[in-house]
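The values are calculated or read from the model by the stated rules, or taken from the named source; none is laboratory data. What you see is a predicted model, and the numbers here were worked out from it, not measured in a lab. Because the Cβ atoms are built from the backbone with ideal geometry, glycine has one as well, and the counts that use them run over all protein chains shown. All accessible areas refer to the heavy atoms of the entire protein, side chains included, with ligands and DNA or RNA removed. Shrake-Rupley method; radii C 1.70, N 1.55, O 1.52, S 1.80 Å.
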Amino acid sequence: MMTDIEKLRRLLPHWLEHNAEHANEFLKWASRARSVGKEHLAHHLEAAVEKLEAANHDLARAIEQVRQGESDHSSEHPH
């Protein structure tokens, strides 16, 4: 049976890739929205892309952690 950490080793890269695919789609739709004069809509879609990029940064760090086998160090996180 697979441990939770082993599952995360498989899931995290998938989530990162999935988010990147969504970000690309959001950018395409932002361009389409802008082309029909919906600047505010385009702005919101681009803001969503920025948030996905930030999430992917954290997912990439999580991937590093599970690959290194290190445990979560709560002192490194501001939450």
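GNM remark for the chain: springs join alpha carbons under 10 Å apart, and the peak mean-square fluctuation among LYS51, LYS28, LYS38 falls on LYS38.
Which percent of the accessible area of the chain is formed by carbon and sulfur heavy atoms (probe 1.4 angstrom)? Result for the chain: 56 percent of the exposed heavy-atom area is carbon or sulfur. Hey, what angle do you get for helix 4-35 against the long axis of the chain, alpha-carbon based, 0 to 90 degrees rounded to 10? For 4-35 against the chain, the angle is about 10 degrees. Projected label points at GLU25 and LEU41, each 7 Å from Cα along the beta carbon direction, are separated by 1.7 nanometres.
For helix 39-68, report the angle its Cα long axis makes with the longest principal axis of the Cα atoms of the chain; keep it between 0 and 90° and round to the nearest 10°. Roughly 10 degrees between the two axes. What fraction of the Cα pairs in the chain, stated in percent, has a spacing above 20 angstrom? Across the chain, Cα pairs with separations above 20 Å total 47 percent.
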